[in-house]
Structures are given as C-alpha cells and as structure tokens.
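The structure under discussion appears below in the form of structure tokens.
The values are calculated or read from the model by the stated rules, or taken from the named source; none is laboratory data. Note that the coordinates shown come from a computational prediction; the quantities given were computed from them, not determined experimentally. Neighbour counts run over all protein chains shown; Cβ positions are idealised from the backbone, glycine included.
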Amino acid sequence: MATKSSDSKNYKIEDYSIQKEPFYIPVSDEVQVFESAYNQKVPILLKGPTGTGKTRFVEYMSWYISNNVKKSVPLITVACHEDLTASDLVGRYLIDSAGTKWIDGPLTRAVKSGGICYLDEIVEARKDTTVIVHPLTDHRRILTIDKLGEVVEAADGFLMVVSYNPGYQNALKDLKQSTRQRFVAIEFDFPTPELEAKVLKEEAGIDDSIAESLASLGEKIRNLTDHGLSEAASTRVLIYAGKLIKDGIDPRRACQVAVTWGITDDKKLYRSIEEVISAIFP
C-alpha cells in the first residue's frame with residue numbers, strides 16, 4: 001500500500017551556498033542597503049534593465065552576508081515564467097517505488113533553511129502565484145502549505161528578494177501595488193563606461209584597450225534607444241563579445257554576433273549599430 005510522507009530533507013541546503021566570492025563592483029550604497037534590509041528582515045525588490053547585474057548582486061550578497069555573520073546563507077533562485085504555479089514554488093507530492101512522497105519546492109526550502117529566496121522577473125509569474133509570498137513579506141513571515149495542512153514559520157535568516165525589469169512591463173504585466181509596497185527597492189542601471197570597462201576586463205579576460213572599446217560601444221548603442229532601439233545593449237552581451245575576441249574572433253565580427261544580432265532584428269538598426277562598431281573597431 002502506498003504511503004505518504006513529508007520529507008523536508010530531500011535536498012542538501014549546502015548545495016545552494018555560494019562558496020567563492022562572486023565578482024561584483026558596488027556602484028553606490030547598494031551593499032549597505034541590502035545588508036541593513038537583511039538584518040531587519042525587510043524584503044527587497046531589485047529593479048532595472050536586463051543585464052545590469054541584479055542576479056550577480058544577489059549572489060554576491062549571499063556570499064558577503066555568509067562571511068560576515070559566519071553562517072551559511074544559501075541562495076535559492078527561481079526564474080519566473082507565465083506557467084509558474086504555486087506548487088512549483090511550495091512543493092508537491094511525487095510517486096516513486098516507495099509510495100507517495102512530498103518534495104519541498106524552492107520557496108519552502110529557503111523558508112525552512114533560513115536562506116535567501118530570489119524570484120527573478122517576478123512579474124512573469126501568474127498573479128495567483130505571487131500572492132503566496134505576501135505572508136512572507138510582512139510581520140507574519142509564514143508560508144502556508146495547503147496540501148500538507150501546515151503553516152511554516154520562516155527560519156531566522158530567511159529573506160525574500162524579487163526582481164523585475166520595468167522596461168518590459170505594460171498595463172497587463174506590472175507588479176501590483178499590493179505586492180511592490182511590501183518591499184524596499186534598489187534600482188539598477190547601466191554602469192559608467194569606466195566601471196563597465198573594469199567589469200568587462202574581469203569577466204571576459206580581455207585587456208584594457210578592448211575592454212574600454214567595448215564599454216564605449218555599449219554607451220553609444222544605448223543612445224540609440226531614443227531612435228527606435230527597444231532594448232539597450234546589456235553588459236552581458238558586451239562580455240560575450242569580449243570572450244569571443246579573446247578567443248581570436250575578429251572584434252567587428254564578435255560584436256556583430258554578440259551585440260547587433262543579439263539585441264535587434266530590425267535591418268535599419270543593424271546598419272546604425274554596424275556604423276558604431278566600425279567607428280570603434282576600424
């Protein structure tokens with residue numbers, strides 16, 4: 001006869017710990033704000049364009065806080081999408097040879113372990129899914145698991161962090177006020193060319209000259225958003241271009257496949273971007 005069991009030890013929480021310091025250069029006081037919010041158990045919203053370092057920042061803060069409090073603060077990340085259900089976050093019963101077994105979802109794992117749960121692009125998730133985080137973002141700090149008939153109090157150290165890109169949103173896909181006002185917000189934007197060059201040098205392993213040229217390229221392409229370009233060149237695509245250049249690909253070709261073709265399908269914008277690339281990499 002099949003048996004039912006609730007197994008909260010069906011994972012190794014140390015697998016979610018950041019062991020090595022992620023490379024991150026603070027732009028302002030975001031590290032201090034995050035640390036303060038963590039100490040006061042205040043949920044955090046990261047907002048800004050794609051590729052501006054939001055995910056890397058969360059990884060860095062998980063490592064940073066772990067090293068400061070001398071206690072592992074695991075980071076459990078969920079990439080949200082329109083088919084994400086409450087069960088995907090909380091958990092579900094699965095059937096195996098031993099019977100029916102409960103498997104904790106990523107949100108439940110973070111709540112029980114006292115880790116950081118990072119919901120990336122939260123507005124992509126279904127509205128009824130995001131509601132389940134509400135009791136975790138106020139004084140209650142509880143998670144209700146309806147299928148088990150349990151209410152789980154968040155362990156000390158648990159923190160809810162979410163992110164979204166305001167540039168992608170519209171009236172039908174935006175963060176509800178009832179949700180966003182449960183968080184303090186840290187805003188991200190593209191770094192200065194000087195700072196971005198340092199990031200590109202480190203992440204792509206390229207020399208100063210190439211890094212500075214790619215940073216200049218990113219700055220000039222972002223100015224095209226006022227001329228029909230819907231999405232700016234992220235630091236991420238510039239890193240990809242740098243990696244290709246390091247591996248021997250011609251700089252103009254590397255920028256074409258990583259940047260031009262990666263950010264737009266508009267043939268007219270192709271020409272505009274290619275002109276910028278040619279001017280920087282003659």
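Quick notes on this one:
- When the helices (runs of 4 or more DSSP H) confined to segment 50-122 are screened for residues that are in contact with a strand residue (DSSP E or B) (Cβ under 6 Å, 6 or more places away or on another chain) and either touching a residue at least 12 places away in the same chain (Cβ under 8 Å) or hydroxyl-bearing (Ser, Thr, Tyr) (or both), those reaching at least 2 such residues are found at 54-69, 106-113.
- Matching entry among Leu269, Leu229 (being under 26 Å from the mean Cα position of the chain (by Cα) and among the aliphatic types (A, V, I, L, M)): Leu229
- Considering only residues in segment 1-34 that are modelled with pLDDT under 70 and over 20 Å from Pro106 (Cα atoms), the one that is farthest from the chain's Cα centre (by Cα) turns out to be Met1.
- Meets criteria (closer than 25 Å to Val184 by Cβ, in contact (Cβ under 8 Å) with a residue 24 or more places away in the chain and part of a helix (DSSP H, G or I)) for Val33: yes
- Leading residue by the ranking (farthest from the chain's Cα centre (by Cα)) among those in segment 73-101 that are closer than 21 Å to Gln19 by Cα and buried (at least 20 other Cβ atoms within 10 Å of the Cβ): Val73
- Selection of first residues in segment 135-160 that are at positive phi and of second residues that are at pLDDT below 95 and of a type in the set (Val, Ile, Thr), restricted to Cβ pairs under 7 Å at least 6 apart or on distinct chains, gives the following pairs, ordered by first then second residue: Gly157/Val73.
- Flag: Asp146 matches the condition of being charged (D, E, K, R) and farther than 24 Å from Phe188 by Cβ.
- The set of residues in segment 250-282 being closer than 16 Å to Ser209 by Cβ and assigned to a loop (DSSP other than H, G, I, E, B) consists of Asp250, Phe281, Pro282.
- Checking every residue in segment 156-166 against the condition of being in the same structural domain as Leu75 (by TED's automatic domain parsing) and more than 22 Å from the chain's Cα centre (by Cα) gives at least one match.
- Scope segment 111-132; condition touching a Phe, Trp or Tyr at 6+ places or on another chain (Cβ under 6 Å) and crowded, with 21+ Cβ neighbours inside 10 Å; matching residues: Val111, Ile122, Val123
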